[in-house]
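The structure under discussion appears below in the form of structure tokens.
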Amino acid sequence: MSDANKSEYSCLNKMVKTSCKKNVNNWALRVAADLEAAAMRGYQRGVWQKIKYLSNKHIRKSTSVRVKDGKIISDPHAQFKERWKKHFTELLNPPPVPQCSNGGEPV
């Protein structure tokens, strides 16, 4: 890389970084203005949603299922489907009701 290319790259790099900083600052100012407007209107849900978004605190949902013996399955695909299949098979297909030997009512 020649000296002319290096200096041009350096100048362009500075311009890009400066532009990015300005854009981030403008974005933060817009979000702050939205927060203030929502707070003035008494729209607390919107305020807290934006605060949660800004603080990057997202609720992580659990992706674990327990097997019948109490062990936790953490594989989200194959074992989940198999466990749910077993669960609903047992739920929807109960064992047959025993019949009396004399053909009467079940016990």
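Could you tell me whether the stretch 3-55 comes out rounded, prolate or oblate from its Cα gyration tensor? Rule is a ≥ b ≥ c as square roots of the eigenvalues, rounded for a/c under 1.5, then prolate if a/b exceeds b/c, otherwise oblate. Prolate, since a/c reaches 1.5 and a/b exceeds b/c. Within the same chain, lysines fewer than 8 places from Lys85 are excluded, and of the rest, those with a Cα less than 26 Å from its Cα are Lys61, Lys68, Lys71.
Bear in mind that the values in this text are calculations on the coordinates, not laboratory data. What you are looking at is a predicted structure, and each value in this text was computed from that prediction instead of being measured.
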